[in-house]
Amino acid sequence: MTRRLLLALALLLPAAAEAHAVLTKSTPARRAVIAASPPKAELVFNERLEAAYSTLSVWSAANVRVDDGKVVVGPEDPRRLSVALPPLARGRYVVKFRVLSVDGHIVEGTVPFEVRPRP
């Protein structure tokens, strides 16, 4: 019985080692319609990120980069990636990211959102 358990565990280890960073939370949330401009865009992943190889940017519908360009991997929590934003005008925006997690895998994606002040 012990041999079977060890064999089963050994077969599971390579699968766990090949996991990728997964986006678990974003602020603003994916496809959110928000009434006020957020002060920053922040992404949270399930694994630590390699700061030197992780990027984050925010783009307007006119394909103009609107963030301040100073991307930060959280010093207290290396699973967090953020960039500050100026006050955003009404419109659609997209957060673009490309991260390298400590497991060596690159993950890319987007998080669209819209700023729509209430009348």
* Two-decimal Rg/Rh of the stretch 20-115 from alpha-carbon positions, Kirkwood Rh? -> 0.96
* Calculated SAXS-style log₁₀ I(q)/I(0) at q = 0.15 Å⁻¹ - the stretch 36-90, Debye, Cα scatterers -> -0.44
* Structure fact -> Between residue 51 and residue 89, the FRET efficiency computed from the C-beta separation at R0 = 41 Å comes out, to the nearest 0.05, as 0.85
* Asked: Roughly what would the spin-label model give for residue 65 and residue 32, points 7 Å off Cα along C-beta, in nm?
  -> 2.3 nm
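Since every read-out is calculated from the coordinates, none of them should be taken as a lab result. Remember, it's a predicted structure, so these values are computed and weren't measured experimentally. All Cβ positions, glycine included, derive from the backbone under ideal geometry; neighbour counts span all protein chains shown.
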